[in-house]
Structures are given as C-alpha cells and as structure tokens.
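The structure appears right after this line, and notes come after that.
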Amino acid sequence: MILKELDPFHGGDDRALAARISADRMAYYLRRFYRRSTQVDVLNGLRVRTGGSIARVDHLLLHDHGLLIVEREDVSGAIGIDDDGQWTLTRDGATEILGSPITRAYVQALLLKEFLDKRVRQRGFFDKLELDVLVVVADDCEIEWPTTGRLVEVCERESVFDRVSRRLEQCQQEAQGPGPLTQVERRTLGNFLAHSHWPRSDMERI
C-alpha cells in the first residue's frame, strides 16, 4: 500500500526539475508493484526531524521484517566504483567524485532509526528489525564494479522489484517465521511516519 505520496512540486531550477522527474518515475514504479500489496507499504519523499538533524528518505519500504530505504542516484553516464566504495562519474570527458551513495543512504537510515527509537516505549524494539538500503541508478548507467564484484546495495530502476522480493524472501528464510511487525503494526508505523513528515520548504530540494 502507498501510505505517502511525494509532496507537491513548487518549481525550481533545471537540477530540481530533473530530480523531481526522477522521483516521480521511482514513485510510479513503486506504485505499480505495491499499491495493492499486503506485504509492503511505501512512503515517498519522507523527512522527519530528529534532534538537530532531518532524516531525508527518498523512498521507504516497510515490510514485516524491517525497513528498506531506496536512495536514488540521479546521474547518467559511466560510473566507476572502487574497492573502498567511492563512486566516480565520467561524463562528456569530465570526471566528478560522488563519494558513496550507499554510505549516505545508511546515514539517513540510522537517522530514521534514531527518530523511531526516541518514540517507542519498548526499548530496543527497532534493533530487531532489518535495516537495509538500496541505491537505484538509471537503467542506462554504465557501472564499472569494484574488483570484489557487483554490490547487492545497487541496482537499476527496472530491477528494484526483483531485488526487493529476493531480500524479503531472504529475511523470511533467516527468521524462519513471521517478522517482528504484524500487518497492523506495520500500517500503524507507516501512518505515524507519514504524520510525522516534515514538509519541505521552498528552499529545499528533492
């Protein structure tokens, strides 16, 4: 079920517009597979305040075993990933250091967990949940993988559903039973997060 759609878009420069188009495409893709799902709930463009920080989550998937953050890397061209996990983009003969989108996604995941930990009565409850990230790149990106091989945290947009389905199946097999969250608890958590969303200002970018 889709528990939160993207915020209304109020315009911006070309970069903001391109990011919004990418967000819309990803939200559409998730809606296509999960709008009637009883196993996965989706929140798009979630922002929650925790302490002096804001957790910014492109797309959040809730399932019985935990949370999965889908982070978009809105770039096109040739991407190289070195053995330290750092990304380099080459486009039109120019090279740009991107850092590690995987690390950035995990930082947002930990901020989100920090937000939830402060608001649950049962201490350590969210430690029982899986906390995964998936960095999604455009389907036409050419990725040079590190010497260790393909990264499980990275995939093209068209592969998201298959990758998520495999991860949920893995969680079920490892847990050897139902997850910590019932469907009612998962929906309650999702609705709470949607209600806690911090709307973006006109100065923020998606």
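With the requirement that a residue be open to solvent by 60 Å² or more (accessible area, probe 1.4 Å) and not acidic (Asp, Glu), what does segment 132-156 give you?
Hits for segment 132-156 are THR147, THR148, ARG150, VAL152.
Tallying residues that are closer than 16 Å to LEU129 by Cβ and assigned to a helix (DSSP H, G or I) within segment 145-183 yields 9.
Selection of first residues in segment 170-194 that are closer than 17 Å to VAL48 by Cα and of second residues that are at pLDDT 85 or above and of a type in the set (Asp, Glu), restricted to Cβ pairs under 8 Å at least 6 apart or on distinct chains, gives the following pairs, ordered by first then second residue: GLY190/ASP41.
Scanning segment 114-126 finds one or more residues that are touching a strand residue (DSSP E or B) at 6+ places or on another chain (Cβ under 8 Å), surrounded by 11 or more Cβ atoms within 10 Å (Cβ to Cβ) and touching a residue at least 40 places away in the same chain (Cβ under 8 Å).
Tell me yes or no: at least one residue of segment 71-80 is out of contact with any strand residue (DSSP E or B) (no Cβ under 8 Å at 6 or more places or on another chain), farther than 25 Å from LEU131 by Cβ and not small (Gly, Ala, Ser).
Checking segment 71-80: not a single residue is out of contact with any strand residue (DSSP E or B) (no Cβ under 8 Å at 6 or more places or on another chain), farther than 25 Å from LEU131 by Cβ and not small (Gly, Ala, Ser).
Condition check for GLU114 on (1) in contact with a helix residue (DSSP H, G or I) (Cβ under 7 Å, 6 or more places away or on another chain); (2) not in a loop (DSSP other than H, G, I, E, B): one failure, at (1). The strands (runs of 3 or more DSSP E) located wholly in segment 23-84 that include 1 or more residues which are touching a residue at least 60 places away in the same chain (Cβ under 8 Å), touching a Cys at 6+ places or on another chain (Cβ under 6 Å) and under 19 Å from TYR106 (Cβ atoms) occupy 78-81. Evaluated against (1) outside any strand (DSSP E or B); (2) on the phi > 0 side of the Ramachandran plot, LEU17 falls short on exactly one condition, (2). Here GLU130 passes the criteria (1) touching a His at 6+ places or on another chain (Cβ under 7 Å); (2) farther than 23 Å from GLU156 by Cα except the one numbered (2). Could you list, in sequence order, all residues of segment 157-169 that are open to solvent by less than 80 Å² (accessible area, probe 1.4 Å) and not aliphatic (A, V, I, L, M)? Within segment 157-169, ARG157, SER159, PHE161, ARG163, SER165, ARG167 meet the criteria. Take segment 126-140 and flag every residue that is out of contact with any helix residue (DSSP H, G or I) (no Cβ under 8 Å at 6 or more places or on another chain) and part of a helix (DSSP H, G or I). ASP127, LYS128 - these are the residues of segment 126-140 that are out of contact with any helix residue (DSSP H, G or I) (no Cβ under 8 Å at 6 or more places or on another chain) and part of a helix (DSSP H, G or I).
Among the criteria (1) within 15 Å of GLY190 (Cα to Cα); (2) open to solvent by 20 Å² or more (accessible area, probe 1.4 Å); (3) of a type outside the set (Val, Ile, Thr), the one ALA78 does not fulfil is (1). Would you check if there is a residue in segment 94-105 being within 18 Å of GLY179 (Cα to Cα), in a helix (DSSP H, G or I) and open to solvent by less than 90 Å² (accessible area, probe 1.4 Å)? No, segment 94-105 contains no residue that is within 18 Å of GLY179 (Cα to Cα), in a helix (DSSP H, G or I) and open to solvent by less than 90 Å² (accessible area, probe 1.4 Å). Please work out if LEU60 is on the phi < 0 side of the Ramachandran plot and open to solvent by 50 Å² or more (accessible area, probe 1.4 Å). So LEU60 fails the test.
Scanning segment 10-53 for residues that are over 19 Å from GLU71 (Cβ atoms) and open to solvent by less than 70 Å² (accessible area, probe 1.4 Å) gives GLY11, GLY12, SER37, GLY51. When we screen LEU62, LEU67, LEU110, LEU131 for residues that are over 11 Å from the mean Cα position of the chain (by Cα) and not basic (Lys, Arg), the only hit is LEU110.
The values are calculated or read from the model by the stated rules, or taken from the named source; none is laboratory data. The structure presented is a predicted model; accordingly, all values stated were derived computationally and were not measured. With ideal geometry, Cβ positions are generated from the backbone for all residues, glycine too; neighbour counts draw on all protein chains shown. Surface areas here come from the heavy atoms of the whole protein model, side chains and all, with no ligands, DNA or RNA. Shrake-Rupley method; radii C 1.70, N 1.55, O 1.52, S 1.80 Å.
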